[in-house]
Amino acid sequence: MPTWGLIVEMTVGTGDRKHVEAYVLTHVEGSRDEALAELEGRARRFTPEHPRNPKRRRLFRAGDGFVLVIDGSWQSYSARFTVAELLDDTAAPVPKHEPEPQPEPADAVPPRMPPMPTAPPEPRYPDGVPVKPAWLGRPDLS
């Protein structure tokens with residue numbers, strides 16, 4: 001089954017800072033028609049931040065998706081919804097290939113771990129306070 005990305009490209013910001021940004025809404029596994037049906041539902045329910053007081057809302061079907069045009073009091077804002085097949089994803093989880101369990105021989109002895117090296121004990125005063133303060137010699141305090 002192919003994986004489809006449901007993508008929205010929308011106008012963000014206002015005035016001179018108005019620009020278009022793209023976001024992946026979700027992924028859908030299945031047929032292209034199933035992905036388009038899910039995309040249409042999301043496009044119909046979509047409520048962008050701008051305009052704050054929409055005057056008119058129009059949803060168009062276009063090729064691989066939909067175009068939503070919302071007219072505000074002063075400016076129009078748009079959102080393009082596209083369905084696209086996912087071909088590669090560098091952040092996709094790697095499928096786990098678990099090695100087949102190997103039977104252990106009956107006379108197998110578990111390996112011994114080498115002893116962990118231990119630091120020599122710090123010299124302390126009779127009341128337990130270290131002779132050398134922990135902060136002494138730290139390079140980040142110079």
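The values are calculated or read from the model by the stated rules, or taken from the named source; none is laboratory data. What you see is a predicted model; the values in this text were computed from it and never measured. Cβ sites come from the backbone with ideal geometry, for glycine too, and all protein chains shown count toward neighbours. Just so you know, the surface numbers come from the protein's heavy atoms only, side chains and all, with ligands and any DNA or RNA stripped out. Shrake-Rupley method; radii C 1.70, N 1.55, O 1.52, S 1.80 Å.
Testing ALA35 on (1) in contact with a helix residue (DSSP H, G or I) (Cβ under 9 Å, 6 or more places away or on another chain); (2) within 19 Å of ASP89 (Cα to Cα); (3) surrounded by 15 or more Cβ atoms within 10 Å (Cβ to Cβ), one condition comes back false. Which one is that?
Just one mismatch for ALA35, condition (1).
For a quick check of your reading of the model, give me the residue pairs whose first member lies in segment 1-14 and is under 13 Å from LEU39 (Cβ atoms), whose second is assigned to a loop (DSSP other than H, G, I, E, B) and modelled with pLDDT of 90 or more, with beta-carbon atoms closer than 6 Å and at least 6 apart or on different chains.
GLY5/LEU86
Would you please list the contacts, defined by Cβ atoms under 9 Å and residues six or more apart or on different chains, that run from a residue in segment 37-65 that is polar (S, T, N, Q) to a residue that is open to solvent by less than 40 Å² (accessible area, probe 1.4 Å) and assigned to a loop (DSSP other than H, G, I, E, B)?
Listed pairs, sorted by first residue: ASN53/GLY72.
List pairs: first in segment 120-142 and open to solvent by 100 Å² or more (accessible area, probe 1.4 Å), second among the basic types (Lys, Arg), Cβ under 9 Å, 6+ apart or cross-chain?
Hits for this filter: GLU122/LYS132.
Are any residues in segment 1-32 modelled with pLDDT of 85 or more, of a type in the set (Val, Ile, Thr) and open to solvent by less than 70 Å² (accessible area, probe 1.4 Å), and if so, which ones?
Within segment 1-32, THR3, ILE7, VAL8, THR26, VAL28 qualify.
Among the strands (runs of 3 or more DSSP E) confined wholly to segment 1-101, which include 1 or more residues that are under 20 Å from the mean Cα position of the chain (by Cα)?
3-12, 19-29, 76-85
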